[in-house]
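No value in this document is a laboratory result; all are computed from the given coordinates. No experiment lies behind these values; they were computed from the predicted model shown. Counting neighbours? That spans all protein chains shown, and the Cβs are built from the backbone with ideal geometry, glycine included.
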Amino acid sequence: MATGLSPRVESLQAHLAARGLSASIAIRRYRPDTPHCEETVAYPLDDSQGVAELAGYRLAWDVEGLDREGAGLLGRLVVRVEQAGDMPISVGLCLGVGDWRRSDYLVMPSAVYAGNRFRSRRIAYPPQATEPEDLGLEAEPLITDVPRLELTGDSMVQQKAGDLGTPAIGIRRADDQLGLWLLGPQRTAWGECVYDAAETFPKPVGNDPGTLRLGVWAPGVRHDTRYEHCSTDYPSEDRGLNPQTGDAITLDFAVHLLDSPGVPDLFAHFRTIRKTVEPPKPARHDTPVSEAYRLVAEKTAKQNWIEYDDVSYLGVGRSRAHPTT
């Protein structure tokens, strides 16, 4: 997003309130040297600036400008550390969505579609359906153990920005055909961002709608566990940050609201806005095509040419002679 945003034309809350939505800035406090979140506080973005406090920190935030762009708002959240604390933290820009149902649609490009809300089973690689109930035309969809919203209960899905085709979250609320896109940066001065969506429903579990919270967090910390190779149970290596007095970050964002009679309308709109926050960067042409070809050909001949008994062939995997090169 270009610098020098124009003066704020309206509050973010006013833009969202007409559709029963809200915006807030949130701070998470983590246990030292762990990805475990011990406390979260949220402050409504009722005005263009304010102060947030947690764990000894005093953070001044400012929405420096909001620009209209069609059905969307482009903005910049600036957070400055006025007083440092002694615990790792992260800062998030969050949107609240009411009247949320499990049948509503959530997408995180290239990673989550329909919330990935399907039957799930932990299956070792290569993931193949072999159980009788998983086979046949009448079988319900089955996915491996990937980040997802659950079929029952409260749940949260979280993704690093680098795992998404575009750093964004989209939803479609079927009851009023609301479409929403939240776009943000891949990283800030505090590191790579995490995008998450957390849903809560009334207890006892019934058919009543619940609430959904969308968030962009800096630095990005996946709570407790992370996804890797068919499992969501790998320990998370992410950590919060201990910013010092005087430190600051800027988080550019875009919020787009639209009428979405169907899910295809949500994606049609996304195609027109996906580069508004993270525009294309100039390609670097450092290596001649001839040299790139030589490197690929050399690697392929060395690592992918497989000789097995009296048969030789070019394989997808590495050869036995070079299993780890």
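In this Cβ point-charge picture (+1 for Lys and Arg, -1 for Asp and Glu), the chain has a dipole of about 560 debye about its Cα centre. 3J(HN,Hα) along segment 120-130: 10, 9, 6, 10, 5, 5, x, x, 9, 7, 10 Hz, from the Karplus curve 6.51 cos²θ - 1.76 cosθ + 1.60 with θ = phi - 60°, whole Hz, x for Gly and Pro. Phi angles across segment 76-87 convert, under the Karplus curve 6.51 cos²θ - 1.76 cosθ + 1.60 with θ = phi - 60°, into 3J(HN,Hα) values of 9, 9, 10, 10, 10, 8, 8, 8, 7, x, 10, 10 Hz, Gly and Pro given as x.
The A139 and R102 beta-carbon pair, evaluated with R₀ = 22 Å, returns a calculated FRET efficiency of approximately 0.60. Cross-link partners for K302 among the aspartates and glutamates, with Cα-Cα distance under 17 Å and sequence neighbours closer than 8 places in the same chain left out: E291.
Under the criterion of Cα pairs below 8 Å and six or more residues apart, the relative contact order for segment 235-325 equals 15 percent. Between A17 and T245, the modelled labels are 3.7 nm apart [label points 7 Å from Cα along Cα→Cβ]. Think of the chain as a dipole: +1 on every Lys or Arg Cβ, -1 on every Asp or Glu Cβ, centred on the Cα centre; then among I169, A254, P127, A254 lies furthest on the positive end. The distance separating the Cα centre of segment 19-72 from that of segment 133-211 comes to 21 Å. Structural descriptor for the chain: relative contact order 19 percent, calculated from alpha carbon pairs under 8 angstrom and at least 6 residues apart. Along segment 275-290 the Karplus relation, 6.51 cos²θ - 1.76 cosθ + 1.60 evaluated at θ = phi - 60°, assigns HN-Hα couplings of 10, 6, 9, 10, x, x, 9, x, 6, 9, 10, 9, 10, x, 4, 4 Hz to successive residues, with x for each Gly and Pro. Annotation: lysines with alpha-carbon distance below 27 angstrom to K281 (same-chain offsets under eight excluded): K160.
Can you give the FRET efficiency to the nearest 0.05 for V311 and R119, using r as the Cβ-Cβ distance and R₀ = 45 Å? For R0 = 45 Å, the calculated efficiency reads 0.70. All alpha carbon pair distances within segment 137-272 were sorted into 10 Å bins beginning at 0; the resulting P(r) in whole percents reads 10, 32, 37, 18, 3, 0, 0. Each peptide in 169-180, 201-212 receives the mean, over its residues, of other Cβ atoms within 10 Å, and ordering these scores from highest gives 169-180, 201-212. The Cα trace of segment 181-260 gives Rg and Dmax of 16.3, 48 Å, the first to one decimal, the second as a whole number. Under the combined filter of DSSP loop state and at most 14 neighbouring Cβ atoms within 10 Å, segment 235-325 retains these GluC sites (Glu not before Pro): E237.
Counted by neighbouring Cβ atoms within 10 Å, the residues C193, C94 run from fewest to most as C94, C193.
Each peptide in 137-145, 35-43 receives the mean, over its residues, of other Cβ atoms within 10 Å, and ordering these scores from highest gives 35-43, 137-145. If you wrap the Cα atoms of the chain in a convex hull and average its projected area over all directions, you get 22.3 nm². For segment 186-289, applying the loop criterion from DSSP together with a ceiling of 14 other beta carbons within 10 Å to the trypsin sites (Lys or Arg not before Pro) yields K275, R284. A Förster distance of 25 Å, applied to the separation of the beta-carbon atoms of K302 and E228, puts the FRET efficiency at 0.40.
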